[in-house]
Amino acid sequence: MAIQPWFGEAKLGIFIHYGIYAVSGIPESWAFFNGQISHEDYMLQLDGFTAAKFDADAWAELFEAAGARYAVLTSKHHDGVALYDTAANDLSTVKATPARRDIVTEYVDAIRRRGLKAGLYFSHLDWSHPDYASIRPAGMPAEERGNPYAVPAAGEEDPAAWERFLAFHRAQLTEIMDRFAPDLLWFDGDWERDPEQWRMDEVRALIEAKLPAAVINGRMRGGFGDYSTPEQGVPIVPPDGPWELCVTINESWGYQHNDHAYKSVRQLVRLFAETIGGGGNLLLDVGPREDGTIPEEQVERLRELGDWIRRHEPAIYGSTRGLPLGAFYGASTVSADRRKLYLFVFDRPNDYVVVRGLQNKVLSATMLGSGVTLRTQRQGGHAGLPGWEYLYVDSDTALDRDCTVIELELDGELELFEHYTRD
């Protein structure tokens with residue numbers, strides 16, 4: 001099944017990690033899994049989750065202002081706490097917290113009112129479910145104990161319990177599809193079992209039967225997803241096909257009181273440009289406080305990122321992946337008709353920037369945002385081999401604070417020389 005065109009055209013999505021872990025500001029579900037806190041104490045956070053200032057429309061307005069075309073909310077993280085009114089158990093923000101709110105319903109409605117695509121994160125695993133830690137991966141050595149929230153000790157497996165968990169897993173996934181019809185299903189937590197144990201082929205078939213137009217991320221062990229999901233680092237060589245980089249705006253996925261290591265707007269712009277230049281989408285994460293408000297530092301950065309995107313829209317929406325490494329020392333994109341090339345200049349040029357391997361004649365070179373025209377010069381080239389295209393930046397005044405984008409208008413569709421064979 002081909003991935004939906006909207007996904008490749010979106011460029012920017014907002015990831016929202018929202019859950020009871022924001023009450024104490026601890027590392028999501030990992031806090032009890034890794035022994036930072038007991039499971040019992042972790043679950044006491046249910047009593048402090050109020051969502052008292054949660055305003056889904058304010059979220060949606062912010063995401064649209066940031067330039068995002070879709071968003072992805074954690075409907076259920078590894079701790080098993082659902083942010084919607086699940087009928088599969090009582091562990092939800094509706095039934096088990098003073099918030100008494102169906103966060104997912106409010107989020108989906110608000111996102112769609114803004115014309116954005118609504119995505120939902122769903123953890124396959126559930127470290128709080130009594131039937132989850134019931135079987136071991138096929139290749140796990142008997143002497144390896146593993147984490148008790150994830151696997152039983154060797155000899156203590158309970159296949160019947162695993163079947164009950166799979167029924168629970170399918171029940172919640174079916175609820176999400178039937179109630180919200182998400183445009184994108186963002187799975188996580190597949191690594192603790194083999195694809196055959198998850199029966200991922202059945203999961204894919206269930207999704208295709210209910211939501212044939214849904215986009216499915218790659219965390220479906222066995223190759224049942226639609227796209228790759230690198231995390232927290234731009235690949236040096238971009239993946240083939242569709243992909244998406246998920247990255248935090250500071251160092252944490254969810255809200256953590258003491259994490260003030262925020263990326264600057266310039267750093268976020270660079271991450272974004274390098275990602276779309278490699279043909280991917282950026283899924284930029286925010287972590288709301290327990291009351292539902294997004295920290296001011298995150299709000300400011302999203303709005304400034306959106307301001308930069310609006311100044312440079314032609315280089316972003318409707319573009320495709322740009323030049324290979326070495327042709328230009330920076331990120332680049334190409335227009336849909338392949339007659340315009342966009343160069344992202346992160347650093348202050350020393351007199352000029354240069355493009356290599358360009359077979360086309362450059363008709364014009366313009367700085368987006370300012371409209372300043374640059375002087376160009378072609379040097380070198382011999383017997384069909386292209387030379388170097390120099391783009392002279394004669395003044396610093398037109399440079400963008402965060403990243404300058406130069407638009408090259410070409411005399412035809414982009415032609416790039418890549419290989420030389422000596423006769």
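The values are calculated or read from the model by the stated rules, or taken from the named source; none is laboratory data. Fair warning: this is a prediction, and the values are worked out from it, not measured in the lab. As a convention, Cβ positions derive from the backbone with ideal geometry for all residues, glycine included, and neighbour counts pool all protein chains shown. Calculation scope for accessible area: heavy atoms of the full protein, side chains included, ligands and nucleic acids excluded. Shrake-Rupley method; radii C 1.70, N 1.55, O 1.52, S 1.80 Å.
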Within the range 112-141, which residues have the backbone N less than 16 Å from the label spot 7 Å out from residue 157 along Cα→beta-carbon, could you tell me?
-> 132-141
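Given +1 on the Cβ of Lys and Arg, -1 on the Cβ of Asp and Glu, and no further charges, what dipole in debye does the chain carry about its Cα centre, rounded to the nearest 20? Provide the component values of the computation, followed by the final result.
Working: 41 positive and 65 negative charges, 245 e Å.
Value, rounded to 20: 1180 debye.
Ignoring ligands, DNA and RNA, what percent of the accessible area of the range 241-297 is carbon or sulfur (1.4 Å)? Intermediate values should be presented prior to the final figure.
On the way: 800 of 1750 Å².
Of all accessible area on the range 241-297, carbon and sulfur atoms account for 46 percent.
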Treating the beta-carbon of each Lys and Arg as +1 and of each Asp and Glu as -1, no other charges, what is the dipole magnitude of the range 301-423 about its Cα centre, to the nearest 20 debye?
-> 140
Which is farthest toward the positive dipole end of the chain among 349, 147, 130, measuring Cα position about the Cα centre, with Cβ charges +1 (Lys, Arg) and -1 (Asp, Glu)?
-> 349
Projected onto the charge dipole of the chain (unit charges on the beta-carbon of Lys, Arg, Asp and Glu, signs +1, +1, -1, -1), the Cα from 254, 277, 381 with the largest positive-side position is that of 381
Within a Gaussian network of the chain (alpha carbon springs, distance under 10 Å), most fluctuating of 223, 292, 13 = 223
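If R0 is 22 Å, what FRET efficiency do you get for residue 351 and residue 373 from their C-beta distance, rounded to 0.05? Mind dumping the intermediate values first?
Values: r = 17 Å, r/R0 = 0.76.
Given R0 = 22 Å and the Cβ-Cβ separation, E is 0.85.
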Positive-end residue of 265, 29, 45, charge dipole of the chain with Cβ unit charges | 265
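With n ≥ 4 as the cut-off for DSSP H runs, can you work out [θ] at 222 nm for the chain, using -39500 (n - 2.57) per run divided by the number of residues, rounded to the nearest 500? Don't jump to the answer; show the numbers that get you there.
On the way: 11 runs with 106 residues, N = 423.
The helix contribution divided over the chain gives -7500 deg cm²/dmol.
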Translational diffusion coefficient, Stokes-Einstein: compute it for the chain using the Kirkwood radius over C-alpha pairs as Rh, at 25 °C and 0.890 mPa s, and state it as an integer in µm² s⁻¹.
-> 105
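Compare the peptides 317-327, 127-137 by average per-residue count of other Cβ atoms within 10 angstrom and give them in order, highest first. Walk me through the intermediate numbers first.
Numbers: 317-327: 16.5, 127-137: 19.8.
Listed from highest to lowest mean packing, they are 127-137, 317-327.
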Full-stretch length increase - residue 264, residue 9 - with 0.36 nm per residue and alpha-carbon distance subtracted | 89.3 nm
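If each residue of separation counts as 0.36 nm, what is the full-extension length gain between residue 171 and residue 251 once their alpha-carbon separation is subtracted? Display every interim value, and only then the final one.
Details: separation 80, 0.36 × 80 = 28.80 nm, distance 3.34 nm.
Full-extension gain reported as 25.5 nm.
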Rg/Rh over Cα atoms for the range 328-375, Kirkwood Rh, comes to 0.92
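Taking 8 Å as the Cα distance limit and 6 or more residues as the minimum spacing, I'd like the relative contact order of the chain as a percentage. Spell out each step's value before the answer.
On the way: 863 pairs, mean separation 67.1, N = 423.
It comes to 16 percent, rounded to a whole number.
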Excluding ligands, DNA and RNA, what is the solvent-accessible area per residue of the chain at a probe of 1.4 Å, expressed in Å²?
-> 42
For the range 315-423, calculate the relative contact order in percent as a whole number, restricting contacts to Cα pairs under 8 Å that are 6 or more residues apart.
-> 32
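Give me the tail of P(r) for the range 235-332 as a percent: Cα-Cα pairs with distance above 24 Å.
Numbers: 1349 of 4753 pairs.
Of the Cα pairs, 28 percent sit more than 24 Å apart.
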Virtual spin-label span in nm between residue 413 and residue 388, 7 Å along Cα→Cβ | 3.0
